[in-house]
Amino acid sequence: AVVGAGLGGSAVAYFLQQHFGPQVQLDVYEPAGVGGRLATVTVNKQQYESRGASIHTLSLHMQDFVKILGLKHRREVAGKSAIFSGEHFVLEETDWYLLNLFRLWWHYGISFLRLQMWVEEVMEKFMRIYKYQAHGYAFSSLEEMLHSLGGDAFVNMTQRSVAESLLEVGVTQRFVDDVIAAVLRSSYGQSVLVPAFAGAMSLVGAQGSTWAVEGGNKLVCSGLLKLTKANVIPARVTGISLHSSEGRALYQVHYEGSEGPGSAFYDMVVVTTPLHPSRSNFTFENFEPPIADFPGAFQPSVTSVVHGYLNSSYFGFPDAKLFPFASILTTDTPNLFFNTMDNICPVNISAAFRRKQPQEAAVWRVLSQHPLDKQQLKTLFRSYYSVQVTEWQSYPRYDAAKTLPPIVLHENLFYLSGVEWVASSMEMIAVAAKNVALLAYNRWHQDLDKIDQKDLMHKVKTEL
């Protein structure tokens, strides 16, 4: 059984089938809709991404999924970004790459080069995971995985803030306050106090080339489930109880569907929805020792998709025609009521598509901590036709828990979503899904040489 049909659930179903073979029977429980947080909203008969929007080019599992499913990369429509302090723009992107570099250097000295070197060093080590996974190696805890990629340094990066780590490598406080804060507000809705590892992963996304799936990123989830011929059950799982049969653990999954309550037995269960009390009222029965509560809280996040006319004078451009930006990030300023806003394109972009001019009505996605009130909408938009609001508990509150959740809850009961406490992105979830599938397979076949091995870099080289 797989609990949840977001990216984690659909990816783990696909990987489980890859390793166990086509005879494995997969039930996927999902009360809402396939895709989870990868959702779209419709404005004027066109669909737009409401949440997880861009994927980095180094996201190898996501790249693979798109290839396997015959999906396409969405055409990129260029647009410039700027960082707003509530009073003025502290940094503005231009059409000229060299001018952008010069501006960064002029404002911040070599801070941006130091940032780049730091992020590249983290990524170079992180990319080892693909080699390990290709050789069938798995990890039974997030700490083991991090340790095998980057030693103690990676584990420590989940315990100290991104600000602390960057100041240590010579990035200036001003660069942290202006640029790093803006990127973290736009990706996690949180401050520069998020842990360094989560921070590094979001900074990778901000400085490389990104892409999205033509037709919507959620097509990856529905595509993978169709490919595995998984049986999707529209029901909410309420709990799991442990039984045993011939010395082997059996798990009874209890659920609530449209027909009322029900239950079914499984050899193996993967939970891909958050198990924190604020997110689910999930019960575990007959487990000895009992499965402990998960500490930590989630960050509320609000997405408002607004179809309207931007109030460019709020940003210091009385003439809307001259407003040059498609994306506005913000610094951590008390009076700012939004984290970021983007002039977004539909999920299906025709060859003839062009971005709306700044004086025309366009579709903007505004991310904020709280729902925008009438006054705030009026501040950002001269007038608007529609506002669609999605409130969700998006990311872990990274300052709320000091320990990482377990992956193995019991013999063949696994928890995938805990990876978000390391860092949250589509690719991190895909990496965790592959790890759980390999871990489940290696444990089932008692292939313990493939779990938590030390010195994997050396092992993989000798295998090659």
Whether region 1-144 is rounded, prolate or oblate, judged on the alpha carbon gyration tensor where a/c under 1.5 counts as rounded:
oblate
Taking R0 as 22 Å, what's the FRET efficiency between Ala320 and Leu101 from their Cβ-Cβ distance, rounded to 0.05?
0.15
Taking 0.36 nm per residue of separation between Asp455 and Thr283 and subtracting their Cα-Cα distance, the length gained on full extension comes to 58.1 nm
Students often get this wrong: which residues of region 186-224 have the backbone nitrogen under 20 Å from the point 7 angstrom along Cα-to-C-beta of Val24?
220-224
Simple spin-label estimate for Glu246 and Glu214 in nanometres, 7 Å along Cα-Cβ
5.0
Please find the FRET efficiency linking Thr94 to Lys356, where r is the Cβ-Cβ separation and R0 is fixed at 22 Å, and quote it to the nearest 0.05.
0.60
Ranked packing of 323-330, 97-104, most packed first, by mean Cβ within 10 Å
323-330, 97-104
Using helices alone, I'd like the mean residue ellipticity at 222 nm for the chain: each DSSP H run of four-plus residues gives -39500 (n - 2.57), total over residue count, nearest 500.
-9500 deg cm²/dmol
With a Förster radius of 22 Å, plug the Cβ-Cβ distance of Gln369 and Gln173 into 1/(1 + (r/R0)^6) and report the FRET value to the nearest 0.05.
0.40
Under a straight-distance cross-link criterion of Cα-Cα below 24 Å, which lysines are reachable from Lys402, leaving out those fewer than 8 residues away in the same chain?
Lys125
Exposure rank, largest accessible area first [Leu438, Leu242; 1.4 Å]:
Leu242, Leu438
What is the antiparallel percent of DSSP beta bridges lying wholly in the chain, to the nearest 5?
75
Report in % the part of the accessible area of the chain that belongs to carbon and sulfur, leaving out ligands and nucleic acids; probe 1.4 Å.
53
Relative contact order [Cα under 8 Å, 6+ residues apart], the chain, whole percent:
26
Rounded, prolate or oblate (a/c below 1.5 giving rounded, otherwise prolate when a/b exceeds b/c) for region 71-229 by Cα gyration tensor:
oblate
Can you tell me the relative contact order of region 325-464? Whole percent, Cα pairs under 8 Å, sequence separation 6 or more.
13
Heavy-atom accessible area per residue, the chain, 1.4 Å probe: how many Å²?
45
Taking the Cα atoms only, what angle lies between the long axis of helix 97-108 and the longest principal axis of the chain, rounded to 10 degrees?
90
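The values are calculated or read from the model by the stated rules, or taken from the named source; none is laboratory data. Just so you know, these numbers come straight off a predicted model, no measurement behind them. We place every Cβ from the backbone using ideal geometry, glycine too, and count neighbours over all the protein chains shown. These accessible areas exclude ligands, DNA and RNA; they are computed on the full protein's heavy atoms, side chains included. Shrake-Rupley method; radii C 1.70, N 1.55, O 1.52, S 1.80 Å.
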